[in-house]
Every structure is written in structure tokens, then in C-alpha cells.
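The values are calculated or read from the model by the stated rules, or taken from the named source; none is laboratory data. This is a predicted model, so every value here is computed, not measured. When we count neighbours, we look across all protein chains shown, and the Cβ atoms used for this are built from the backbone with ideal geometry, even at glycine.
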Amino acid sequence: MPSMSKESRRTQRVVLAAGASAAVAAVGSTANGFVTGPALRTLPTQTTTQQSGYVASAGEAAPQSNSALLSGGCFALAASAVAVRSGARKARRSAVATRATAVSTETATDCINAIRFLAVDAINKSNSGHPGAPMGQAPIGFCLFAETMDFNPANPDWINRDRFVLSSGHGCMFQYSVLHLTGYKSVSMDDIKQFRQWGSKTPGHPENFETAGIEVTTGPLGMGVSNAVGLAAAEAHNAAVYNKPGMPLIDHYTYCIMGDGCCQEGISHESCAYAGHLGLGKLIVFYDDNGITIDGHTELSFTEDVGKRYEAYGWQVLTVTDGNTDVDAIRQAITDAKACTDKPTLIKVKTVIGYGSPNKADSHDAHGAPLGKDEGQATRDQLGWKYGEFEVPDHVYETYRAHGARGAKKEEEWNKMWGEYKKAHPELAEQFQRIVVDKKLPANWSDCLPKATPETAGKATRLHSQDCLNAIANTLPELIGGSADLAPSNMTLMKCTGDFLKGTYDGRNMRFGIREFGMGAVANAISLDRTGLVPYCATFTIFSDYMRNAIRVAALAKAGTIFVTTHDSIAVGEDGPTHQPIETIPSLRMIPDLLVMRPADCNESSGAYKVAVELSKNESRPTFMAFTRQALPNLPNSSIENTEKGAYAVLDPADPDIVLIGTGSEVSVCWEAAKEMKDKKVKVVSMPCWELFRAQPQSYKDQILPKGVPTMSVEAAVTMGWGEWSDAHVGINCFGASAPGNTCMDKFGFNVPNVVSCANRLLKGEKGVLSDGSQGKH
Ligand SMILES: Cc1ncc(C[n+]2csc(CCOP(=O)(O)OP(=O)(O)O)c2C)c(N)n1
Ligand SMILES: [Mg+2]
């Protein structure tokens, strides 16, 4: 086990001991004095037996309707809770942790209501947004942002900050509220008043590239919790690599709130199963179990036992039966979550959506529409919130900011430790400084990338990819990643390092299992962790469809993920059309800010890796790479430098009659066709990356594709989009077929005679799609 774990276990034991003595001191003398407001106190008591609801096992919480919780739960009682540890399912009696907090219960109540009403007011003002979730999640927000998490609002980049992800991103006013209350400059009261408006720092879903303090971009449900798994994985890896006894450089938690939607989405099943397998003990996820989604009550579509599912994944599952009022139960659950160091924890918190709203609580009416002025006032009356719109009393600010100040102090202590670490472990410190602090690549790092000449024996570009990956794996300890169970096929195993698994978090080969979407989101978060790691993830080109939204979000949210894919065309062969990408590569070219690279040989593969790694590290941007299954020759003129320009001439006669543009495996077909067309001056261009070529100066583009010279593209993919570069196109606008790869290529028209014939048709004036693969249909 990494030294970090021992260290943090020790810390946690101390925390636990302190918590326990506080609890003991409180038992018998202190009822849970947490209340939601005078108005609610007048509601009739639903039951005298309802206990402060903390149940440390999924199945133990007595089923309760949310309306019962709304009326009865407001009388949060102290007493005791039956806590049954998941897994062992061993009952234990425990006093409710009445943690000695620095603030009175009235202040805590106001702190919670401040989150609720900032959300209500901002959403009312913008007349757009989702108030229900923040109103239900507010007590969790208070526990995390006023009591639990380590962060410094003055420095959102502090390396060892606790990470927080709001997976239910539609409830982003929750996050803007807590960032504002704790003192992040990125979210001023004016920003809150500008919620969802043009140019504001408070967009309709949390965007890490827009608002400091937001770690990842969420909105597509399930993505955030999967990112949280990636952040926790990054923490575990960095901790294992760098922590030394007494010097836990990386030692933080990753917290996440997700809703019913995140729980339902398949991506969360993938990533959370992976997190359980890895035993990521510092991942703590709150499930906002409010029983409501857009369509209505979850009975309509969602009746599985989520807790049991997470137990089966290998998580510790805790339940808070009244998350609206029972802050002590939330606190206790956090304490217990931290105490479990070898499993992630799911804290299932029963909440009421739109809590406090007399007419909209516990209904999908509170999900995605403003409460409105009248209901906002009625909610103020119900919760006893005596402050005006956007008014936050000083004692609330003071409470949150005092916690922020404690975080600032923790950062100071961390800086001191980092100073000592540099003296005690100079070599590792140098690595930490370069990778994590400066986020820089070593000088001349790309010298290690393989190079070839046309005389060098050709091979599949997936093998070149393997060579590149292994060359840089030695040079860049920050390279970490793996494949969705296709490592021997994708050639993505790094030979110089071991597996990233429970107990060996220092390993860098990630075993994602067959979970492409989860893999993409986890890899994105490893980049968004902002500790300088360079993540890659791999699958067959065709199955990138399964993680497409993670690729899209990588481009949007500036995650420096390197998507390595192989088996990039119908030349996959025998596996047939389910495995043969046709539209995949062209459709990925439609995603803004994503680089799509289809290298044609050794040097182009090296060039692709050079671009991808530099983009990841220096600009935190993603690259998608597609490599062949089949062998290809090494091309004349190919080089890393030419690849970086996106396109270059492989054959470059003066005053050409025609230009043939190929990508990947079709460049050599164009090259062979050019040799056949002896009576014509045929220029052959390799275009491994449209986006890089598009960014070149016009003079270079004109040099490569001279104006007025007929140009034809040849690519084993749909022809859509090629009009940007060429007059005529050879492609495949139908599905492929199961047959040996070279047969498929031949039958669908990617052979020298067909390319020559199409080139001659273009020379005679024909334009457009000259070969669409339909000749191969049988
Ligand atoms: C992948 C994806 N599908 C659909 C949506 C649209 N959507 C936004 S919120 C929501 C319902 C979410 O329900 P829940 O997570 O329970 O949130 P709550 O209503 O409790 O706030 C849906 C379907 C989305 N954001 N992402
Ligand atoms: Mg819900």
C-alpha cells in the first residue's frame, strides 16, 4: 500500500477519536437542535418514533414518502440511529454525532437557507433554472463548504484542495451560492444576479473553463460523478507516487453530489463499478435521493435499490433518512465515509426537492422552473427566512468565510510541508515541481519519438502508436491511461510501469474494463485534476461512439485527454460492419476544438503523439487519434514537423495536373495511383489532421493545395465534409462487410485502378462523389 494511505488512516483515526469524544460529551445532554425555521416548527408532529435518520446501510432506511419527510422530518430528533455497516451488515448502536460546531444551530439554519434563497432569488430573477435541487441539497452544502472541505477561496488552484463535483449540474445555483458564500472572487453577488445571462460567470450549468472554483463541467447527467471517479483516481495515483512518511503532499478528498438522473445514466454504472473495483476510499458521493425527476416521481421509471447496487460495486453505503433538517446525520455520515479508507462511500440522502416551498416541494414543479415571486415569499415564510432578495446576513458570510480562512491556513501549512519535502526528497520534488506545479514538459522530450524513412519496413500504425506510447512513457512519468479491455489489440500497454489497481496506485496502466463512456469521463477528469497528468484512453475507433459525449465534453471543457483508437476503417476486415467505422472519423471532425488525427506511417504517428501530448499538457486540449490494424509503408517526406502542419506533400511535382489527398491508409493508395498515372503530374498530399491544416497560414495552404488544380480526396470513410478541401471524392457512404481487410478495401473501391479511374474522370471535369463504395454491395 502506498505510504499515503497509512498516513491518512492515522489522521482519520485522530479525527474519529475527536469526533467520538465530542459525541460522547453530547449524548444525553444535547438533542439535535437543528431546526429549519419557526414556521415549520408549528407543523403537526407526524410521528413520535421518527428518529434522527442516519442509517449506515442501504437497505435499513424505513421506506418513507417524501411528503412524510417534509412534514415530520422537520422535527429532526437527536436520539440514536441504528447504523449497520454495509458489507458486514453488523448492527451497531451509535450516538448521533452531535459534533461540536463553531456556530449555533440558528446560524447553521441561516447558512443553509442562504443557499436556498440565493438559488430561489437568482432563478426568479433570470426566470430560468432549477431551484428544487439546491433547496434540497443545501444542508449537504453547508456541511461540506462551511465545515468539512479543505479549500482556499483565494487560490482555487491550490494543489491539495478537496475536489467537489456537482454531478446534477442543472442545480448549479447550489454551487454558485457556496462559492459566493465562501468568498471565491469568481462568483460575486453581481454574478449571482446575472445567473444564466450573456457573458456571466454563472452559466446555466457549471463550466470549469468559465468559473474559478468549478472543477469540471457538468450537465450531461452521470458525467460529473464519473469525473469524480477520475479525480479520485488522480489523487490516489499522485499520493502513491509522491507521498512520504509525514509528508502527504497529495492527500485530499473528492466529494460529489448526484441526483436520480446521474444514478440512472449508464455512464455512472460504468465509472462507479470501476471506482468500487479500485477501492477509491477518498471518494465520497452524496446521492440526492429526492424521488423526483422531470417526468414526475421516480416510481415511474426508477425502482431499483440503488444502495444495494452500490454495495455490489464494492462501495460503503450509508443512508441519511432526513437530509432536509438532520445536519448531524449528514455530519456523521461524512465522518463514517472518511473512516472507510478502502472503499468509496455513497451517502444516500433522502431530501425533498424544493424543500420549504409550500406548493411546489416534492414535485417536479420545483425541478426546472422558477418558484415565482409569490411562492418565493411563501417559502421565506415557511422557512422563517426574514431577509430580502439577494440579502445575506453577515453572520452567514462570517461562518462560511471563517471556514474558507481555515482552508487558507491549511494551504499555508501545505506550503511549509512542500518546502520541507524539497529538502528531504530533492529528486521527487524536482519531478513534482515540473509535472504538478509548473505543468511543463521536459526540454526536448519529443526526441524520444521514433522516426523512419521510406526504406524502413512498414507496419501497422497501431504498432507505431505502441512504439510512441512506450517511448514517451519512459520520458514522461505523468503519462497514465489504458484501454477498455483492448490493450493487446490497441497496443496501449506501457511496458515500463505496472497496473493502476487497488494497492498499486503508483502503476500507470489503467484497466478500465469494457466501459468506454466511463473511461472517457475518468480520463477527462485526470486531466482536469490540474496536477499535470497526461491521460490517454483507448478503444476501437468504432466504439468511440460509446464515449462520444465524453469526447465532446473534453473538447468543450478543455480536458487534455488523448483518445487512442485503432482499427480505423473497413480494413478491420473479418469482424464486419459492426466493427468497421464509416462515419466515425468525419463525425468527430465536426466537434469544435477537437483535433482528429489519422496518421499514415511511423513519422506521422510520432507527429500525432507530439501534437497530442503538447496540446494536453500545454493547452489542456484533447486529441483523437485513429490508427490502422493493417501494415502501411513509410512515406517520402513524412516527418513530425510536416505532421504538425496538418498536411504536406508526399509527391510534389512542379505545376501538378491533379492533387490526390489521402489520410491514413489511403495515402499510400494515392501514392501508388500517382505512380500509375505516368503521363500526368500527380501531386500527392497526406492530410493527417484537418484542424491543424486549417490553422496554417493561407500561403501554406495554397502551396499544398494550389488554387485551380483539380483535387480529389481518398478516404475510407463517408465523404461528407471533404468539399472543404477537394473537388471530387472517393469514399464509402455505405456500411462495410465481413471479409478479409484487403478484400474489403478492394471491393469498396480503395484500390489503385479505381483511384486512377476516378482521377481521370476528375481530369475530364467530373466532380463530387466519384466513388461511394456502393460497387461493393452484394
Ligand atoms: C444525459 C442527460 N440526459 C438528460 C438530461 C436532461 N435533464 C436534466 S435534469 C433531468 C432530470 C434529473 O433528475 P434528477 O437528477 O433527479 O434531478 P432533480 O430533478 O432531483 O433535481 C434531465 C432528464 C441531461 N441533463 N443529461
Ligand atoms: Mg431527483
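Which one of the conditions (1) surrounded by 24 or more Cβ atoms within 10 Å (Cβ to Cβ); (2) under 25 Å from Ala232 (Cβ atoms); (3) in contact with a helix residue (DSSP H, G or I) (Cβ under 7 Å, 6 or more places away or on another chain); (4) not hydroxyl-bearing (Ser, Thr, Tyr) does Cys172 fail to meet, given that it meets all the rest?
The single condition Cys172 does not satisfy is (3).
Does the stretch 343-355 include one or more residues that are more than 16 Å from ligand 2 (Cβ to nearest atom) and either closer than 17 Å to Pro134 by Cα or surrounded by fewer than 24 Cβ atoms within 10 Å (Cβ to Cβ) (or both)?
No, there is no match, as no residue in the stretch 343-355 is more than 16 Å from ligand 2 (Cβ to nearest atom) and either closer than 17 Å to Pro134 by Cα or surrounded by fewer than 24 Cβ atoms within 10 Å (Cβ to Cβ) (or both).
Tell me yes or no: at least one residue of the stretch 443-462 is closer than 17 Å to Glu614 by Cβ and touching a Leu at 6+ places or on another chain (Cβ under 8 Å).
yes
Only one residue in Lys439, Lys373, Lys422 is surrounded by fewer than 19 Cβ atoms within 10 Å (Cβ to Cβ), more than 28 Å from the chain's Cα centre (by Cα), outside the structural domain of Gly132 (by TED's automatic domain parsing) and among the basic types (Lys, Arg), so which one is that?
Lys422
Here is a list: Gly183, Gly141. Which entry is on the phi > 0 side of the Ramachandran plot and either buried (at least 23 other Cβ atoms within 10 Å of the Cβ) or assigned by TED's automatic domain parsing to the domain that holds Gly259 (or both)?
Gly183 is the lone residue from the list that is on the phi > 0 side of the Ramachandran plot and either buried (at least 23 other Cβ atoms within 10 Å of the Cβ) or assigned by TED's automatic domain parsing to the domain that holds Gly259 (or both).
Answer yes or no: is there a residue in the stretch 516-533 that is surrounded by 19 or more Cβ atoms within 10 Å (Cβ to Cβ), in a strand (DSSP E or B), of a type outside the set (Asp, Glu) and modelled with pLDDT of 95 or more.
No: the stretch 516-533 contains no residue that is surrounded by 19 or more Cβ atoms within 10 Å (Cβ to Cβ), in a strand (DSSP E or B), of a type outside the set (Asp, Glu) and modelled with pLDDT of 95 or more.
Return only the number of the condition from (1) buried (at least 23 other Cβ atoms within 10 Å of the Cβ); (2) out of contact with any strand residue (DSSP E or B) (no Cβ under 7 Å at 6 or more places or on another chain) that Asn751 does not satisfy.
Condition (1) is where Asn751 drops out.
Within the stretch 356-370, how many residues turn out to be part of a loop (DSSP other than H, G, I, E, B), buried (at least 20 other Cβ atoms within 10 Å of the Cβ) and within 16 Å of ligand 2 (Cβ to nearest atom)?
So the count comes out to 5.
Here's a check for you: in the stretch 376-397, which residue that is under 36 Å from the mean Cα position of the chain (by Cα) and of a type in the set (Phe, Trp, Tyr) is nearest to Met135 (Cα to Cα)?
So the residue we want is Phe390.
Are there any pairs, at least 6 apart or on different chains, whose C-beta atoms fall under 8 Å, with the first in the stretch 275-295 and within 15 Å of Gly222 (Cα to Cα) and touching a residue at least 24 places away in the same chain (Cβ under 8 Å) and the second assigned to a loop (DSSP other than H, G, I, E, B) and within 8 Å of ligand 2 (Cβ to nearest atom), and if so, which?
From the stretch 275-295, the pairs are Tyr287/Gly259; Asp288/Ser168; Asp288/Gly259; Thr293/Gly259; Thr293/His367.
Kindly check whether there is at least one residue in the stretch 195-217 that is under 19 Å from the mean Cα position of the chain (by Cα), on the phi > 0 side of the Ramachandran plot and either buried (at least 21 other Cβ atoms within 10 Å of the Cβ) or within 16 Å of ligand 2 (Cβ to nearest atom) (or both).
Taking every residue of the stretch 195-217 in turn, at least one turns out to be under 19 Å from the mean Cα position of the chain (by Cα), on the phi > 0 side of the Ramachandran plot and either buried (at least 21 other Cβ atoms within 10 Å of the Cβ) or within 16 Å of ligand 2 (Cβ to nearest atom) (or both).
Taking Tyr176 as meeting all but one of (1) within 20 Å of the chain's Cα centre (by Cα); (2) within 16 Å of ligand 1 (Cβ to nearest atom); (3) not in a helix (DSSP H, G or I), write down the number of the exception.
The one condition Tyr176 does not meet is (3).
Hey, can you tell me all the residues within the stretch 130-150 that are out of contact with any Phe, Trp or Tyr (no Cβ under 7 Å at 6 or more places or on another chain) and either assigned to a loop (DSSP other than H, G, I, E, B) or hydrophobic (A, V, I, L, M, F, W, C) (or both)?
Of everything in the stretch 130-150, those that are out of contact with any Phe, Trp or Tyr (no Cβ under 7 Å at 6 or more places or on another chain) and either assigned to a loop (DSSP other than H, G, I, E, B) or hydrophobic (A, V, I, L, M, F, W, C) (or both) turn out to be His130, Pro131, Ala138, Phe142, Cys143, Asp150.
With the checklist (1) in a loop (DSSP other than H, G, I, E, B); (2) within 16 Å of ligand 1 (Cβ to nearest atom); (3) not acidic (Asp, Glu) in hand, flag the one item Val349 doesn't pass.
(1)
Looking only at the stretch 302-339, which residues are more than 22 Å from Met149 (Cα to Cα), away from ligand 2 (no atom under 16 Å from the Cβ) and of a type in the set (A, V, I, L, M)?
Passing the criteria: only Ala312.
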